[in-house]
Amino acid sequence: MLLAALPLNTSIAFAQGAGGATSPATAIEIERMVSIASINMCILSKSKVPFLTAMQANMVPMVSYIKEVNGSKISGVKNGQALTPEEVANGLAMQLLPVVGVRCGKDLPQDYKKEVTKAEKLLKSQSGS
């Protein structure tokens, strides 16, 4: 998948683990996280932070939060079963990148545009459009 090589060390951010969290993350929670992360991506891209570093800076906290607060569960995904960190990260990335493309627009550096375009093409192919 798109971010398979993205190293995620979620244990650093929340060493306690899921700790009994059972309520899956809702679509609204995911939307809020993605919105905040997209703003960060725009700022980081303007500061010439490489794409992979910017993605890591945004994905690790989001994945860690979903692990800690929601037990790695997202409402409507995988019948409410806990997801792996990679599944959470890949799903979030597919939500985040198109928003980055819209929010940051023509100001995006080429390496960011390339990844946004890849994600948009993948999403389009999965939707059958």
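Could you list all residues from segment 32-60 that are assigned to a helix (DSSP H, G or I) and without any contact (Cβ under 8 Å) to a residue 24 or more places away in the chain? Break it down stepwise before answering.
Taking segment 32-60 and keeping what is assigned to a helix (DSSP H, G or I), we get 32-46, 51-60.
R32, I36, N40, I43, L44, T53, A57 - these are the residues of segment 32-60 that are assigned to a helix (DSSP H, G or I) and without any contact (Cβ under 8 Å) to a residue 24 or more places away in the chain.
Which residues, counting only those in segment 77-100, are assigned to a helix (DSSP H, G or I) and either over 18 Å from S35 (Cα atoms) or open to solvent by 20 Å² or more (accessible area, probe 1.4 Å) (or both)?
The first filter runs over segment 77-100 and keeps only residues assigned to a helix (DSSP H, G or I), leaving 78-80, 85-100.
Answer for segment 77-100, where residues must be assigned to a helix (DSSP H, G or I) and either over 18 Å from S35 (Cα atoms) or open to solvent by 20 Å² or more (accessible area, probe 1.4 Å) (or both): K78, N79, G80, P85, E86, E87, N90, G91, Q95, P98, V99.
Scan segment 104-124 and tell me whether some residue there is of a type in the set (D, E, K, R), open to solvent by 40 Å² or more (accessible area, probe 1.4 Å), under 15 Å from the mean Cα position of the chain (by Cα) and within 18 Å of M33 (Cβ to Cβ).
The first filter runs over segment 104-124 and keeps only residues of a type in the set (D, E, K, R), leaving 106-107, 111, 113-115, 118, 120-121, 124.
Still in the running and open to solvent by 40 Å² or more (accessible area, probe 1.4 Å): 106-107, 111, 113-114, 118, 120-121, 124.
Applying the additional criterion that residues be under 15 Å from the mean Cα position of the chain (by Cα) yields 118, 120.
Next, from what is left, pick out any that are within 18 Å of M33 (Cβ to Cβ): none.
No: zero hits.
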Problem - Hey, V63 touching a residue at least 24 places away in the same chain (Cβ under 8 Å), in contact with a Pro (Cβ under 8 Å, 6 or more places away or on another chain), buried (at least 20 other Cβ atoms within 10 Å of the Cβ) and not in a loop (DSSP other than H, G, I, E, B) or not - result: yes
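Listed here are the residues, each with its yes/no results for (1) open to solvent by less than 70 Å² (accessible area, probe 1.4 Å); (2) under 26 Å from P109 (Cβ atoms).
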| position | (1), (2) |
| --- | --- |
| I28 | no, no |
| N40 | yes, yes |
| K48 | no, yes |
| E68 | yes, no |
Fill in the blank from the handout: Across (1) within 16 Å of V102 (Cβ to Cβ); (2) aliphatic (A, V, I, L, M); (3) in contact with a Leu (Cβ under 7 Å, 6 or more places away or on another chain), V77 clears everything bar (1)
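The values are calculated or read from the model by the stated rules, or taken from the named source; none is laboratory data. Every value quoted in this text rests on a predicted model; they were computed, and no experiment measured them. Every residue, glycine as well, gets a Cβ built from its backbone with ideal geometry; the counts of neighbours run over all protein chains shown. What goes into the accessible areas is simple: the full protein's heavy atoms, side chains included, and nothing from ligands, DNA or RNA. Shrake-Rupley method; radii C 1.70, N 1.55, O 1.52, S 1.80 Å.
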